[in-house]
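Presented below is the structure to which this report refers.
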Amino acid sequence: MHFRCLAELCHLKYHDHSTEFYKLLDTVIPGWEKVKHKLELGMV
């Protein structure tokens with residue numbers, strides 16, 4: 001849930017999944033790829 005909220009807040013600045021969006025997401029949530037993967041597997 002925390003990941004989703006922060007990702008959506010990043011969309012307030014970047015309205016797409018551009019390189020800039022992912023750079024911001026990486027700043028806000030270091031290692032976000034692992035968190036996203038766990039969410040997709042239903043482990044979180």
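The values are calculated or read from the model by the stated rules, or taken from the named source; none is laboratory data. Please read all numbers here as calculations on a predicted model, not as lab measurements. Methodologically, a virtual Cβ is constructed for each residue, glycine included, from the backbone with ideal geometry; neighbour enumeration extends over all protein chains shown.
Return the pair list, or none, for Cβ contacts closer than 7 Å from residues in the range 1-26 that are within 26 Å of Met43 (Cβ to Cβ) to residues that are surrounded by fewer than 14 Cβ atoms within 10 Å (Cβ to Cβ) and modelled with pLDDT of 95 or more, at least 6 apart or on different chains. Every condition considered, the pairs that remain are Leu6/Val28; Cys10/Val28; Leu24/Lys13.
You will find that of Glu40, Glu20, Glu8, the residue that is surrounded by 12 or more Cβ atoms within 10 Å (Cβ to Cβ) and acidic (Asp, Glu) is Glu20 and no other.
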